[in-house]
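To start, the structure itself, in structure tokens.
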Amino acid sequence: MNEEQPNIKKDILFRVHFLYLVFVLIGVVVFGRLIWVQWGSSEVRSNSERVSTKIFTEEILSAHRGNILSRHGVPFATSLFRYQVEFDFAAQGLDSLETYHEQADSLAGLLAKFFKDKPARAYRKMFREEHARRYRLVNPHPDTTMRSEGWFGQLIDRITGKPYKIRTVYDTLRDHRPVKIFPRTVNYAEWSVLKEYPLLNWNMGMVYHLVETDERIYPFGGLGRRTIGSIATEGHGYGIEDAFRKELEGRNGKALRQRIAHDFFGRVAGEIENPVDGLDIETTLDAELQVMADNYLREQMIRQKALWGTAMIMKVETGELLALVNLDLMKDGVYREAENRALKMTMDPGSTFKLATVLTLLDDAGMSPLEEHDSNDGKPMIVGGVRVVDSHRGDHKIALKRAVAGSSNIYFAQAVWEHYGLTGKKKQYSDFLAENLCLNAPMGLEMLGERPPRIVSEGSWAEVPDPAFKLVKMAYGYRVAMAPIHMLTLYNAIANNGRMMAPMLIRALKRNGKTVREYDPKTLSRSICSDRTLEIVKECLEEVAKTGTASRFFRDTAFLRVAAKTGTAQDTSPDGRKYNRYLGSMVAFFPADNPKYTVMTSILTRRQSGYAYYGAPLAGPVVKRMVDYIAMHQPQETPLAEENRYAPVRLKGGDREQIAEVADELLPDWDIDNEKGWIRVRKDSLLHIEEIDPSPNLVPDVRGMGLKEALFLLESRGLRVEVEGQGAVYAQSIAARQKIKVGQKIKINLR
């Protein structure tokens, strides 16, 4: 008995130690497994991420795209936030059919009255059909439940022997694909009204999702669209919209949302990255001059049945482009901005290129302006083995001034051949054009599609197949590839006393009216010629306007002295084949004694009976009208008087809340109680506030409002708006408080 007790104790201790070891091993395994689950398991990590994505989602907060503005702040392109409701007809909040139908019928009537696009019964039908299609009961099967509720009732059922009842139940099939219920997107003011309607004011978004888009608006329609550009598909955009894509887009923000209930999320505090709105781009374009140039060019092209044309206005001192118009004849017979011909067109410029030849002959070859050549009364002559013809008869031995005024091809062909062809200095001629006159590279608008000029097509003269032919042709503007912008820049340099300024289209990048980056005028060459040559060239160009090819437009110099040059070039293929297309151009700067503006028009047309194709009659009328308009309506950039600097001259009407915000900063005595609704504001010695009738069926009085506010208010009431002018609305074609007809056209005039 005594011997068995130690064995029992030993056996018990062994079992205890064994169990202890087992538990330790289990603990180690569990602890190791915990470590593995926490840090090592890809499956657990994947499941954790999946669960996390269902609980937390990232919301993108869209940045507002920047505006493209004129030099005076008029918007050529702007963005407006628009809203659309995407309804979830399978949401659980709509399971109560009685409540849903009651609310949906009310919403249908209100939407029909608001949008005026279809009757209420059509909306009602859509709501019922979409709900039935996306929320269906399928697979009927029996289900047993207790007859009575509560423990006492269920006890009685069991005693009586009838504890259960059988009913038919269904599986629910839900289709959560969203359905757009508005016929169009709406602006913020409209959404402020709509969100108070039945169903739209439900459950903090559980039954619908509000989609916010940044819609691009072009207040001037197609005006200057090749320059303003498009934000089409990536890689297919153009113009300023595409060149400054990143600056305009800004940076989207992010917000972390946590799931609180089915289809309902709340933002997590402290986890919001606010969006950074895009920058506004202030261009050098003058909206008034752009409209004027477009109208004059369009009228002339229609009159002459032209193929395409371009018109430009440049500020002499800075090289700023005040107007840039490009029109193409489309297949439907309408002229639109389809290609930026001013920057991309590289074809023979014709006689406008003779300015470059004159500068080369005078400054590089040292030719005397009195040197004479026989123009042979315009009859064909052989120069350097090339047949040359003048378009103008009546001259024989003429000097430089007469040759420029009459645009003599023969004179310049002979002069260049004698000074550069016979002396073997062809390369010297082209080098001067390229280096001294900057005609060898783009002039600063590459981002907008500018193509570089081309003097010698294939590198050096040694590679040119017929150098003599090319040299003679170059003398009067053939066998060189130039865009109108290059010619305009060259003439502008003469107007600017020899200083060549790069063409400038962007003035500044701004945010909230404050300049972030300013673009300064860029000088391409401080002096493209000597002072002596400059005086001679100016005198020659004035002679063109007085007695030469442009004299029919500028002969009377009592009102305004103008310096000009015309040019005509027949379109030819690289191998010399001639087409029945002619490019007519005219360049002018004025006033000739103190130039402020340089203007140019180039028009391509077919030679056809009864229509012009020479530069003077084809492009001249447009240049003449632009010169006269600018001379009579020169935009004055006069600073405000000291006493008016800190007070607004006038206030535009619009949304009362926004007007109040501005007025609080500018007018200390501003006081207004109600900050909702729309108002008109007039200011003389006092402020006059007039409330606008809120009735959606009556035409509102938008006089005094800015363009954006007027468009909002008129379009929200179903009117189609036509805009003329710039500034604030001063007249409207339909009087206020007239009954609205949906789709009715209304014209508003701004100044």
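The values are calculated or read from the model by the stated rules, or taken from the named source; none is laboratory data. Here the structure is a predicted model, which means the values were calculated and not measured. Virtual Cβ from ideal backbone geometry, glycine too; neighbours counted across all protein chains shown. All accessible areas refer to the heavy atoms of the entire protein, side chains included, with ligands and DNA or RNA removed. Shrake-Rupley method; radii C 1.70, N 1.55, O 1.52, S 1.80 Å.
If you go through region 458-482 and keep only what is touching a Pro at 6+ places or on another chain (Cβ under 8 Å) and not aliphatic (A, V, I, L, M), you end up with 461, 477.
If you go through region 75-86 and keep only what is crowded, with 20+ Cβ neighbours inside 10 Å and of a type in the set (A, V, I, L, M, F, W, C), you end up with 76, 77, 85.
Screening the candidates 207, 179, 211 for the property of being modelled with pLDDT under 90 and crowded, with 20+ Cβ neighbours inside 10 Å yields one hit, 207.
So that you can scan it fast, the table gives a plain yes or no per residue for (1) of a type outside the set (Asp, Glu); (2) surrounded by fewer than 14 Cβ atoms within 10 Å (Cβ to Cβ); (3) more than 39 Å from the chain's Cα centre (by Cα):
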residue: 507; (1), (2), (3): yes, no, no
residue: 512; (1), (2), (3): yes, yes, no
residue: 518; (1), (2), (3): no, yes, no
residue: 526; (1), (2), (3): yes, yes, no
residue: 530; (1), (2), (3): yes, yes, yes
residue: 540; (1), (2), (3): yes, no, yes
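Region 461-552 holds helices (runs of 4 or more DSSP H) entirely within its bounds, and those carrying 2 or more residues that are under 14 Å from residue 587 (Cα atoms), touching a residue at least 24 places away in the same chain (Cβ under 8 Å) and of a type in the set (Gly, Ala, Ser) map to 484-495.
For region 357-370, indicate whether the set of residues that are modelled with pLDDT of 95 or more, of a type outside the set (Lys, Arg) and closer than 24 Å to residue 607 by Cα is non-empty. No, region 357-370 contains no residue that is modelled with pLDDT of 95 or more, of a type outside the set (Lys, Arg) and closer than 24 Å to residue 607 by Cα.
Which of the residues spanning region 725-741 are assigned to a loop (DSSP other than H, G, I, E, B) and farther than 15 Å from residue 700 by Cβ? Residues satisfying the conditions are 726, 727. The listed residues are 254, 246, 331, and the only one of them that is open to solvent by 10 Å² or more (accessible area, probe 1.4 Å), at pLDDT below 95, in a helix (DSSP H, G or I) and charged (D, E, K, R) turns out to be 246.
Scanning region 207-224 for residues that are aromatic (Phe, Trp, Tyr) and within 19 Å of residue 195 (Cβ to Cβ) gives a single hit, 208. Scanning region 695-724 for residues that are assigned to a strand (DSSP E or B) and within 24 Å of the chain's Cα centre (by Cα) yields 705, 706, 720, 721, 722, 723, 724. The set of residues in region 360-380 being part of a strand (DSSP E or B) and more than 17 Å from residue 422 (Cα to Cα) consists of 374 alone.
For region 374-397, the set of residues classified as in contact with a strand residue (DSSP E or B) (Cβ under 7 Å, 6 or more places away or on another chain) and buried (at least 18 other Cβ atoms within 10 Å of the Cβ) consists of 375, 381, 388, listed by residue number.
On the given criteria, is residue 307 more than 23 Å from residue 530 (Cα to Cα) and among the hydrophobic types (A, V, I, L, M, F, W, C)? Considered against the rule, which asks whether it is more than 23 Å from residue 530 (Cα to Cα) and among the hydrophobic types (A, V, I, L, M, F, W, C), residue 307 comes out as yes. For the criterion of being open to solvent by 40 Å² or more (accessible area, probe 1.4 Å), part of a loop (DSSP other than H, G, I, E, B) and within 18 Å of residue 524 (Cβ to Cβ), residue 451 passes. Whether a residue is closer than 21 Å to residue 569 by Cβ and part of a strand (DSSP E or B) was assessed, and residue 393 does not pass this test. Look through region 430-448, keep the residues that are without any contact (Cβ under 8 Å) to a residue 60 or more places away in the chain and among the hydrophobic types (A, V, I, L, M, F, W, C), and return whichever of them is least open to solvent (accessible area, probe 1.4 Å). Checked region 430-448; the qualifying residue least open to solvent (accessible area, probe 1.4 Å) is 434. Regarding region 485-493, can at least one residue be identified that is open to solvent by 30 Å² or more (accessible area, probe 1.4 Å), polar (S, T, N, Q) and within 21 Å of residue 342 (Cα to Cα)? No; the residues of region 485-493 include none that is open to solvent by 30 Å² or more (accessible area, probe 1.4 Å), polar (S, T, N, Q) and within 21 Å of residue 342 (Cα to Cα). Looking across 702, 723, one residue alone is at pLDDT 80 or above, out of contact with any Ser or Thr (no Cβ under 9 Å at 6 or more places or on another chain), open to solvent by 30 Å² or more (accessible area, probe 1.4 Å) and not basic (Lys, Arg). It is 723. Of the residues making up region 415-423, one or more are outside any loop (DSSP other than H, G, I, E, B) and free of Cβ contacts under 8 Å to residues at least 12 places away in the same chain.
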